[in-house]
2 protein chains.
Amino acid sequence: MSPKATIYDIAKELNISAATVSRALNNNPKISESTCKLVIETAARMNYKQNKLAQALKSGKSHNIGVIVPRIDSNFFASIIRGIEEELYPHKYNVIICQTHEDEKREIENINTLLNTQVDGILMSVSNMSSENDRVIEKVLEKKVPVIFFDRKKNIHGVSSVTINDFGAAYAATKHLIEQGSSKIAYFTGDRSLEIYENRFNGYKQALIDSGLNLKEDYVIQTKSNVEAGKMAVKKLLKLKDKPDAIFSASDFAALGAIQELKSQGIRIPEDFCVVGFGNEPFTEFMELSISSVDQNTMEMGKVAAQVFMEQINNTDKNSKIEKKVVLNAELLIRKSSSKESK
Amino acid sequence: MSPKATIYDIAKELNISAATVSRALNNNPKISESTCKLVIETAARMNYKQNKLAQALKSGKSHNIGVIVPRIDSNFFASIIRGIEEELYPHKYNVIICQTHEDEKREIENINTLLNTQVDGILMSVSNMSSENDRVIEKVLEKKVPVIFFDRKKNIHGVSSVTINDFGAAYAATKHLIEQGSSKIAYFTGDRSLEIYENRFNGYKQALIDSGLNLKEDYVIQTKSNVEAGKMAVKKLLKLKDKPDAIFSASDFAALGAIQELKSQGIRIPEDFCVVGFGNEPFTEFMELSISSVDQNTMEMGKVAAQVFMEQINNTDKNSKIEKKVVLNAELLIRKSSSKESK
């Protein structure tokens, strides 16, 4: 292959400045029509191909969307991303994905990486609440790149969000356990500095209060979202003098670990102990002892997040700012792990 | 915020061309030292900040790596990506991910998207074998952007690959089923135009031959990698006159579907029917009836793919081309779904 012509080659050929060539190629109105025509003809003759990225730098549109999630290896985030893609592909957008592994610094690096690749928007589920990360997001907004939060959000002016009704879902799950006869309900929470976990905790608490039950601090355990953490938490609970008779876990993975540990200690589920998870990960349905869980409407969440992005990017009225807070419903799915009656 | 200075502003200020400014900022040896110094000082005074992307366009280094996988919602690919990230993060690389959903056109779009974002390399697991996609990959190589295949590879000159010993793993799984007393072993295959599935098929076939068993065409069923496909395939098998007594499935998801369908038809596993999957998805271990499977050494595969990339990018000898074919071992994990003896 012969080396490609650059704007400098074209400038030399026509004895004009590279800046003029560049402006002509980008239809800058400052350049006369005749110069434009001459530059474009010469560029074609010299086999000049505009670098798409350089083009994006000029036009400010790359048709790439960045998605940032804490992890891709859960069906939850993978399914939201699927929803985003299904909504955006027909509009010729490409979706590029980064994961934070819940790491604060990695989140900042992901945002900067996506900004540097000139994405037209960032759709993200936040990994942590540090104000340093707020500032990075505000920097993105200053560059007129829309940011949309899904599931895990922060309250930042100008950022729309799509979430589920975490309070309502946690309330329904706890009420369901009470109706099954459980009165000592433990709760596995994620990091409560994240709004979703705080809302779920409040739903759990309100359901207890409304049923005349007390919230016991010993019963609230912060766990990571994995099987091992669920096992550990159950070991802790079973050492209490006043042992619980049910667990509502804000993570399906921790719920699974809990079930494995309870069974290994000879505790029968659901006869002696009920468990409800959160997230409707596929394995909760696969298990012979299927696990009750909350379906978070993931495909819909992704689609709506993408729609909100499209609305923002297509908003030509510079004086009106779109800031939407969409809250979707979640559905409690009652399965074997908490169905005493069907037994 | 005041609008940022561009190279055109600096050029105007110094009454030199934008091209000279640009060259000076990028330490082009054609520019005199005194001009360089003047430009850099002026740029600093005018609060000029080089766009990182523009910088990448010049230097050809973005420190971003693109990863393309068929899907992110399986533990298999997510875990390989984790391995890639763990290896590359310490070298200050960022990892951006695209998924193809096994779609040929989407794969091409992903490659072009990553190229346009100026990635320093593409690590990918191919979704299909079309020659059109070959040409796109060759275009990447022409731009001196290294491509590394993992798991699903093509034979393209100049592309290194990291795979597992699919033949050996399939051979071991089939031998194991024969040792458990199965003699009518069905096989669920993926798309055999992909090398991994062809190699697994050959391993299955060789194990049958070495044990004096015949390959029955009726027993080889192409399935998608999902639960529903596994159910459908079992329904087909159970309609045969000469029904099989075991299944080796090249997909864990299809193996799970097979088990669900077999159980629903009252067939006892492993007493009457043994099942082995492939991939060691976490649910295979979670199930009460745990599913035998092949562990594909995913973290290691990701790490080695990243190491091969690093070797290539650091190879300063322009006359030697690195083309590596790394084949890792896989491990058969025998669990309840194929262990008659432990019952």
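State all residues of region A:58-72 that are modelled with pLDDT under 80 and touching a Leu at 6+ places or on another chain (Cβ under 9 Å); if no residue qualifies, say none.
Matches in region A:58-72: A:58 only.
May I ask you to list the residues in region A:174-194 that are under 12 Å from residue A:205 (Cβ atoms) and either in contact (Cβ under 8 Å) with a residue 40 or more places away in the chain or not assigned by TED's automatic domain parsing to the domain that holds residue A:277 (or both)?
A:174, A:185, A:187, A:189
If I filter region B:70-112 down to residues being outside any helix (DSSP H, G or I) and among the hydroxyl-bearing types (Ser, Thr, Tyr), which single residue comes out as farthest from the chain's Cα centre (by Cα)?
Ranking the qualifying residues of region B:70-112, first place goes to B:93.
Go through B:50, B:55 for me and flag whichever is part of a helix (DSSP H, G or I), under 39 Å from the mean Cα position of the chain (by Cα), more than 8 Å from chain A (Cβ to nearest Cβ) and modelled with pLDDT under 95.
Checking each option against the conditions leaves just B:55.
In region A:266-290, which residue that is touching a strand residue (DSSP E or B) at 6+ places or on another chain (Cβ under 9 Å) and outside any loop (DSSP other than H, G, I, E, B) is farthest from residue A:247 (Cα to Cα)?
My answer is A:285.
May I ask you to list pairs of residues, at least six apart or on different chains, whose Cβ atoms are under 8 Å apart, with the first in region B:106-120 being closer than 16 Å to residue A:90 by Cα and more than 8 Å from every other protein chain (Cβ to nearest Cβ) and the second being among the small types (Gly, Ala, Ser) and part of a helix (DSSP H, G or I)?
none
Of the residues B:292, B:338, which is more than 14 Å from chain A (Cβ to nearest Cβ), in contact with a helix residue (DSSP H, G or I) (Cβ under 9 Å, 6 or more places away or on another chain) and under 25 Å from residue A:75 (Cβ atoms)?
Testing whether each residue is more than 14 Å from chain A (Cβ to nearest Cβ), in contact with a helix residue (DSSP H, G or I) (Cβ under 9 Å, 6 or more places away or on another chain) and under 25 Å from residue A:75 (Cβ atoms) leaves just B:292.
Test of understanding: among A:132, A:142, A:102, A:138, which residue is at pLDDT below 95, within 28 Å of residue A:247 (Cα to Cα), surrounded by fewer than 23 Cβ atoms within 10 Å (Cβ to Cβ) and of a type in the set (Asp, Glu)?
Within the list A:132, A:142, A:102, A:138, the selection yields A:102.
I'm trying to understand the selection: among the residues of region A:144-173, which are within 20 Å of residue A:205 (Cβ to Cβ) and outside any loop (DSSP other than H, G, I, E, B)?
If the condition is that a residue be within 20 Å of residue A:205 (Cβ to Cβ) and outside any loop (DSSP other than H, G, I, E, B), then A:163, A:164, A:166, A:167, A:168, A:169, A:170, A:171, A:172, A:173 are the ones that fit.
Inspect all residues belonging to region B:254-265 and state whether any of them is of a type outside the set (Asp, Glu), in contact with a Phe, Trp or Tyr (Cβ under 6 Å, 6 or more places away or on another chain), buried (at least 20 other Cβ atoms within 10 Å of the Cβ) and not in a helix (DSSP H, G or I).
No - not one qualifying residue is present in region B:254-265.
Could you check region A:310-343 and list, in sequence order, the residues that are out of contact with any Ser or Thr (no Cβ under 8 Å at 6 or more places or on another chain) and at pLDDT 90 or above?
A:310, A:311, A:329, A:330, A:331
Can you find a residue that is assigned to a loop (DSSP other than H, G, I, E, B) and free of Cβ contacts under 8 Å to residues at least 12 places away in the same chain anywhere in region B:321-331?
Within region B:321-331, none of the residues are assigned to a loop (DSSP other than H, G, I, E, B) and free of Cβ contacts under 8 Å to residues at least 12 places away in the same chain.
Only residues that are out of contact with any helix residue (DSSP H, G or I) (no Cβ under 7 Å at 6 or more places or on another chain) and not in a helix (DSSP H, G or I): list them for region B:31-45, please.
B:32
Among (1) among the basic types (Lys, Arg); (2) outside the structural domain of residue B:84 (by TED's automatic domain parsing); (3) under 24 Å from residue A:227 (Cβ atoms), where does residue B:303 come up short?
(2)
Considering only residues of region B:284-297 that are surrounded by 23 or more Cβ atoms within 10 Å (Cβ to Cβ) and not small (Gly, Ala, Ser), which is farthest from residue A:287 (Cα to Cα)?
Selected residue: B:296.
Looking at A:213, A:123, A:141, can you tell me which residue is assigned to a helix (DSSP H, G or I) and either aliphatic (A, V, I, L, M) or farther than 22 Å from residue A:329 by Cα (or both)?
Selected residue: A:141, the only one of A:213, A:123, A:141 that is assigned to a helix (DSSP H, G or I) and either aliphatic (A, V, I, L, M) or farther than 22 Å from residue A:329 by Cα (or both).
May I ask you to list the residues in region A:184-199 that are within 20 Å of residue A:232 (Cβ to Cβ) and either touching a Gly at 6+ places or on another chain (Cβ under 9 Å) or not in a loop (DSSP other than H, G, I, E, B) (or both)?
Result: A:185, A:186, A:187, A:188, A:189, A:197.
If I ask for residues that are assigned to a loop (DSSP other than H, G, I, E, B) and modelled with pLDDT of 80 or more, which ones from region A:6-30 would you list?
A:15, A:16, A:17
Residue by residue through region A:216-233, note down the ones that are in contact (Cβ under 8 Å) with a residue 12 or more places away in the chain, outside any loop (DSSP other than H, G, I, E, B) and not hydrophobic (A, V, I, L, M, F, W, C).
Residues satisfying the conditions are A:218, A:219, A:222, A:228, A:230, A:231.
Could you identify the single residue in B:155, B:75, B:110 that is surrounded by fewer than 23 Cβ atoms within 10 Å (Cβ to Cβ) and touching a strand residue (DSSP E or B) at 6+ places or on another chain (Cβ under 9 Å)?
Being surrounded by fewer than 23 Cβ atoms within 10 Å (Cβ to Cβ) and touching a strand residue (DSSP E or B) at 6+ places or on another chain (Cβ under 9 Å) holds for just one of B:155, B:75, B:110, which is B:155.
So which residues in region A:113-129 are among the hydrophobic types (A, V, I, L, M, F, W, C) and buried (at least 20 other Cβ atoms within 10 Å of the Cβ), if there are any at all?
Of everything in region A:113-129, those that are among the hydrophobic types (A, V, I, L, M, F, W, C) and buried (at least 20 other Cβ atoms within 10 Å of the Cβ) turn out to be A:114, A:119, A:122, A:123, A:124, A:126.
Mind checking which residues of region B:219-238 are loosely packed, with under 15 Cβ neighbours inside 10 Å and within 18 Å of residue B:183 (Cβ to Cβ)?
Within region B:219-238, just B:238 meets the criteria.
The values are calculated or read from the model by the stated rules, or taken from the named source; none is laboratory data. Predicted model, so just to flag it, every value in this text is computed and none were measured. FYI the Cβ positions are ideal-geometry reconstructions off the backbone, even for glycines, and counts take in every protein chain you see.
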